[in-house]
1. For residue 86, enumerate residues with amide H under 5 Å from its amide H, sequence gap 5+ or separate chain, H modeled in the peptide plane.
2. Ranked from highest to lowest mean number of other Cβ atoms within 10 Å per residue, what is the order of the peptides 53-65, 103-115, 4-16?
3. What residue among 32, 20, 82 has its Cα farthest toward the positive end of the dipole of the chain, where the charges are +1 on Lys, Arg and -1 on Asp, Glu, each on the Cβ?
4. Using only helices, what value at 222 nm comes out for the chain when you add -39,500 (n - 2.57) per DSSP H run of length 4 or more and divide by the total residues, to the nearest 500 deg cm²/dmol?
5. Distances longer than 22 Å among the Cα atoms of the chain: what percent of all pairs is that?
6. Could you work out the pair-distance distribution P(r) of the stretch 38-110 from its alpha-carbon pairs, with 5 angstrom bin width and percents rounded to whole numbers?
7. Per-residue HN-Hα couplings for the stretch 106-112, Karplus 6.51 cos²θ - 1.76 cosθ + 1.60 at θ = phi - 60°, whole Hz, x for Gly and Pro?
8. Among 145, 124, 95, flag the residue with its Cα farthest along the positive direction of the charge dipole of the stretch 2-145, charges on Cβ as +1 for Lys/Arg and -1 for Asp/Glu.
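Derivation of every value follows stated rules applied to the coordinates shown; laboratory data play no part. Quick caveat, the model's predicted, so the values are computed rather than measured. Positions of Cβ are generated from backbone atoms using ideal geometry, with glycine treated the same way; all protein chains shown enter the neighbour counts.
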Amino acid sequence: MEAVYSRIDGVKSIAPGFAGGSNQNPTYEQVCSGETGHAEVIQISYDPDKTSYETLLDWFWRCHDPTTLNRQGGDVGTQYRSVIFYENEMQKTAAYESKKAAESYAIFANPIVTEISELPEFFPAEDYHHDYYSNNSNAGYCTYIIQPKLEKLKLE
C-alpha cells in the first residue's frame with residue numbers, strides 16, 4: 001500500500017505501522033504472532049488542495065483485495081485484515097459511503113469484508129518497514145507482489 005500511495009499526487013508522507021490492537025507500542029514480531037489484535041496499516045498525510053480523502057479511499061479499493069477475511073495474498077492472519085480506520089465523523093461517513101459505492105459497482109467476485117472502525121491509536125513500524133519497496137525493489141515480495149500491482153494500476 002505504501003508503494004501505491006507514495007505515487008499519488010498530493011500525498012505528503014506515509015508511515016507504515018500498526019493499529020487496532022491491545023498492546024502499546026507493538027513490534028512487528030508481536031503483531032505477526034496474531035496475538036496483539038493489531039492490523040498492519042499505513043498512516044497517510046496529504047494536501048487536501050491536491051487530493052481528497054475520497055480519492056485516497058478510491059485507491060484503497062483498487063490496490064488490495066477487500067473480500068478476503070484476515071488475508072492479503074499469501075499473508076494470513078488478523079494483522080492482514082482489510083480495515084479503514086477513521087479519525088473523525090467526516091472520514092467515517094466518507095469511508096462508509098465509499099464502501100457502499102464499491103459494493104454497488106460489483107467489481108469483486110465475493111462480498112467486501114472490510115472493517116471500518118475508529119482509530120484507537122497508531123503505532124509506527126520499525127524503520128526497516130519505511131519505504132520498503134524503494135529500499136528493497138529486488139526482494140521477492142516486491143518483485144512478485146508490489147511491482148505487478150503498480151504496473152496494473154499504471155503507477156510505475
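1. 117, 118, 119
2. Details: 53-65: 17.2, 103-115: 11.8, 4-16: 15.7.
Highest mean packing first, the order is 53-65, 4-16, 103-115.
3. Of 32, 20, 82, it is 82.
4. Dividing the helical sum by the residues of the chain leaves -7500 deg cm²/dmol.
5. Values: 4978 of 12090 pairs.
Percentage above 22 Å: 41.
6. Whole-percent P(r) values from 0 Å outward: 3, 14, 24, 25, 20, 11, 3, 0.
7. Listing the rounded values in order: 6, 8, 9, 6, 10, x, 6 Hz.
8. Towards the positive end, the residue furthest out is 145.
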